[in-house]
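The values are calculated or read from the model by the stated rules, or taken from the named source; none is laboratory data. Small disclaimer: the values here were computed from a predicted structure and weren't measured. We place every Cβ from the backbone using ideal geometry, glycine too, and count neighbours over all the protein chains shown. These area figures cover heavy atoms from the full protein model, side chains too; ligands, DNA and RNA do not enter into them. Shrake-Rupley method; radii C 1.70, N 1.55, O 1.52, S 1.80 Å.
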Amino acid sequence: MQKINTAILLAAGICLNTAAANAIENNYKPYIGANYAYGEVRADGTHTYHNAGSLNLGSVYNKYFGTELFYQYADKHKFAAPSNLKSTSFQAYGLDLMAYLPLGCDGRLAPTATFGLGEYSFKHDFRFSKDHNDRGWGYRFGGGLTYHINENWSTRLLARYIKIDRVDGLDHMNEYSFGIRYTFR
């Protein structure tokens, strides 16, 4: 009798799992996007502030999950004359995993969570010594809101914390971005 109950429970579990998997509709939709980002980098007791632009190429696999490749380029932050460091800038590329939680009947507004990894390349220009380039990894964690204007267009606000690793003197970056996306249907 116990074997029969176990078999029935196992069959019911498989059926419920299959039904739950089918309830999440996989509907692959690629998109392209552009962002403006404002970032604050903390390095050896100094703060640098950067305006940056980024391009994104991503895909949404269903209404809850997606991935995104990014390339980001930041402008130069210039330092005051007494400092040996004249200016610093960076560029980055990498991959982010995106999670969405659509709200409301239409799901137009979706709180968004992101986790990713990027390679960051910093360029430091000095007044009295040789310029220096440095690169390392950035571990990206963030959250925000995505608003779907219609089936093709959406906007997104995100705040990210980026832990910088293997770059001399740099610790982390806080980044705030606004972007727009075009989804191919």
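Odds and ends about this structure:
- Once the range 72-108 is narrowed to residues that are out of contact with any Phe, Trp or Tyr (no Cβ under 9 Å at 6 or more places or on another chain) and part of a strand (DSSP E or B), the residue that is nearest to residue 52 (Cα to Cα) is 78.
- Flag for residue 171 being of a type outside the set (S, T, N, Q) and out of contact with any His (no Cβ under 9 Å at 6 or more places or on another chain): yes
- Residue 118 being of a type in the set (Gly, Ala, Ser), in contact with a Lys or Arg (Cβ under 8 Å, 6 or more places away or on another chain) and part of a strand (DSSP E or B): yes
- Only residues that are exposed (fewer than 14 other Cβ atoms within 10 Å of the Cβ) and either within 19 Å of residue 157 (Cβ to Cβ) or touching a Pro at 6+ places or on another chain (Cβ under 6 Å) (or both) were counted across the range 50-63, and they come to 1.
- Selected residue [of a type outside the set (A, V, I, L, M) and closer than 22 Å to residue 40 by Cα] from 114, 183, 146: 114
- Put simply, of 131, 171, 165 the only residue that is more than 15 Å from the chain's Cα centre (by Cα), loosely packed, with under 15 Cβ neighbours inside 10 Å and without any contact (Cβ under 8 Å) to a residue 24 or more places away in the chain is 131.
- In the range 72-123, the residues that are more than 17 Å from residue 148 (Cα to Cα), at pLDDT 95 or above, touching a Leu at 6+ places or on another chain (Cβ under 6 Å) and open to solvent by less than 70 Å² (accessible area, probe 1.4 Å): 94, 116
- The residues on offer are 35, 51, 56, 84, and the sole one that is more than 14 Å from the chain's Cα centre (by Cα), closer than 26 Å to residue 181 by Cα and of a type in the set (S, T, N, Q) is 51.
- For residue 113, the conditions (1) closer than 20 Å to residue 54 by Cβ; (2) touching a His at 6+ places or on another chain (Cβ under 8 Å) are fulfilled apart from (2).
- Count of residues meeting criterion [assigned to a strand (DSSP E or B) and either among the polar types (S, T, N, Q) or touching a residue at least 60 places away in the same chain (Cβ under 8 Å) (or both)] in the range 134-155: 3
- Filtering the range 87-108 to residues that are at negative phi and more than 22 Å from the chain's Cα centre (by Cα) leaves 87, 88, 105, 106.
- Condition met for residue 176 (more than 19 Å from residue 38 (Cα to Cα) and assigned to a strand (DSSP E or B)): no
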